[in-house]
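K.L.:
Can you keep this structure in mind? I'll have questions shortly.
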């Protein structure tokens, strides 16, 4: 299949928009069917000033990524993740867990397209206040920092199917969820 091109300054024809939406739908289906894995690549603390043992990510976190931006077939695509809960367990500098209850939504100029998002968290790494992990193998990479009960940073998501590849870049954040007080 030949790549779709549009002339500079001219609107995309209806057939091209339909094909773009079809590709985005396939990419969203890939996300919905995928599992979540975290990379074990290290993040550095070259002077040993930070103590990873002091950073415990164990517990429940509310995750969001409100602005994943990229281009598909020459047109802007904006995606977001909302409503995701990460349940993490940390041992030493590694963490793992689950990600559940999220919604992955993309906008491409037409009506928004959404898919539920549930996954497994594995091979997370924390080094002092630096954190690094991936969703869906290494194609959904998060890097950032932990500060008290929050963590945040940048994220890159590479979506591929047989006819298109889209790279989305943006920011992510997570806040530790606190348990409600026990009833009297």
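K.L.:
Quick one: residue 83 ticks every box in (1) more than 21 Å from residue 55 (Cα to Cα); (2) touching a residue at least 40 places away in the same chain (Cβ under 8 Å); (3) touching a strand residue (DSSP E or B) at 6+ places or on another chain (Cβ under 7 Å) except a single one, so which number is it?
P.N.:
(2)
K.L.:
Can you tell which of 111, 116 is surrounded by fewer than 18 Cβ atoms within 10 Å (Cβ to Cβ) and assigned to a loop (DSSP other than H, G, I, E, B)?
P.N.:
Among 111, 116, only 111 is surrounded by fewer than 18 Cβ atoms within 10 Å (Cβ to Cβ) and assigned to a loop (DSSP other than H, G, I, E, B).
K.L.:
Provide a single number: the residues in segment 135-151 that are surrounded by fewer than 17 Cβ atoms within 10 Å (Cβ to Cβ) and at negative phi.
P.N.:
Final tally of qualifying residues: 5.
K.L.:
Where residues in segment 121-134 are at pLDDT below 85 and touching a strand residue (DSSP E or B) at 6+ places or on another chain (Cβ under 6 Å), which of them is surrounded by the fewest Cβ atoms within 10 Å (Cβ to Cβ)?
P.N.:
122
K.L.:
Look through segment 65-74, keep the residues that are over 12 Å from the mean Cα position of the chain (by Cα) and surrounded by 16 or more Cβ atoms within 10 Å (Cβ to Cβ), and return whichever of them is modelled with the lowest pLDDT.
P.N.:
Among them, the one singled out is 73.
K.L.:
Also: Pull out all pairs, ordered by first then second residue, where Cβ-Cβ is under 6 Å, the residues are six or more apart or on different chains, the first lies in segment 92-117 and is on the phi > 0 side of the Ramachandran plot, and the second is at pLDDT below 90.
P.N.:
97/121
The values are calculated or read from the model by the stated rules, or taken from the named source; none is laboratory data. In this text the structure is predicted, and so the values were computed from the model without any measurement. With ideal geometry, Cβ positions are generated from the backbone for all residues, glycine too; neighbour counts draw on all protein chains shown.
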